[in-house]
Amino acid sequence: MKAALLRLSDRLYDGGAAKHGVLPGPLIVATLVTGVVDAVSYLALNHIFVANMTGNVVFLGFALAGAKGLTVWAPCLAIACFAAGAWTETRLARRTPGDDEHHRLANAVAAHAAFVAVALLIAALEDDAKTSTHVQLTAILAFGFGVQNAVVRKLAVPDLTTTVLTMTVTGIAADPFGKPTMRRLLSLCCIFAGALCGGLLVLHQSISAALGLALALLVVTAVLARVE
């Protein structure tokens, strides 16, 4: 498995195996998770995102302007919990300075998976139409993404931010074709595929089914991140 991940890294980056090791592989899978879970949050949790904070800031502005179907509390809660997750991961990382980047990513993704597992349990046991359920799911899912994104930001693997695509699309259009374009297209396709699968599951199956897929993908991500 390690050899395959290193080959993928070299195909996406010049000297990728030496610079980034196996990290591109798990980050690609984590990007799929973003699409899946944001499908849950947008379609079933008051039209907000738990991974894309830019969207929440825009939705908050719309809500304050009086747009129908939007709430002020939902984007505020998502942003606050996302920030709390990022703050928590960073402080914990400072207490374990011996951890390398692979272990830090693996630990963050494992924690994210645990939060998604809790959200899955809540979605399965509680009425997903109740505001209290929406509050719990939004808080838990946003916190988990905050934990994961703090590590992804620290790793700074080019074009694999796992959540943000604005600059990715800009790079696709503005730069000549090459390995960066391939990486950006891959990120774009992963979030699209995740959103499509998540949307289909939420609309035609259940929130639990979509969260189950996200949990499975996070487990795969954590396993890949621990490959040495």
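The values are calculated or read from the model by the stated rules, or taken from the named source; none is laboratory data. The shown structure was predicted, so the numbers you read here are calculated from the model rather than taken from an experiment. So basically every Cβ, Gly included, is an ideal-geometry build from the backbone, and we count neighbours across all protein chains shown. Heavy atoms of the whole protein, side chains included, go into the accessibility calculation; ligands, DNA and RNA do not. Shrake-Rupley method; radii C 1.70, N 1.55, O 1.52, S 1.80 Å.
Summary of computed values
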| item | result |
| --- | --- |
| Nearest-ten-degree value, helix 179-204 long axis tilted from longest Cα axis of the chain | 30 |
| Selected from 186, 206, 53, residue furthest toward positive end of dipole (the chain; charges at beta carbon) | 186 |
| From the C-alpha gyration tensor of the range 166-228, square roots of 5λ in Å | 28, 18, 6 |
| Kirkwood-based Rg to Rh ratio, the range 59-206, C-alpha trace | 1.01 |
| Local net charge near residue 87, Cβ-Cβ under 14 Å (Lys/Arg +1, Asp/Glu -1) | +4 |
| Between helix 2-12 and the chain: long-axis angle, C-alpha atoms, 0 to 90°, nearest 10 | 90 |
| Ranked order, 2, 154, 68 - accessible area, probe 1.4 Å, largest first | 68, 154, 2 |
| GNM flexibility winner over the chain from 184, 91, 11 (Cα, springs under 10 Å) | 91 |
| Net dipole in debye of the range 108-217 [+1 Lys, Arg Cβ; -1 Asp, Glu Cβ; about Cα centre; nearest 20] | 400 |
| Counted charge near residue 25, where neighbours are those whose Cβ lies closer than 12 Å (Asp, Glu -1; Lys, Arg +1) | +3 |
| Helix 53-64 axis, angle to the chain major axis (alpha carbon atoms, nearest 10°) | 20 |
| Solvent-accessible area, 1.4 Å probe, carbon plus sulfur percent, for the range 1-133 | 64 |
| Within the chain: Cβ-based charge dipole about Cα centre, in debye rounded to nearest 20 (Lys, Arg +1; Asp, Glu -1) | 360 |
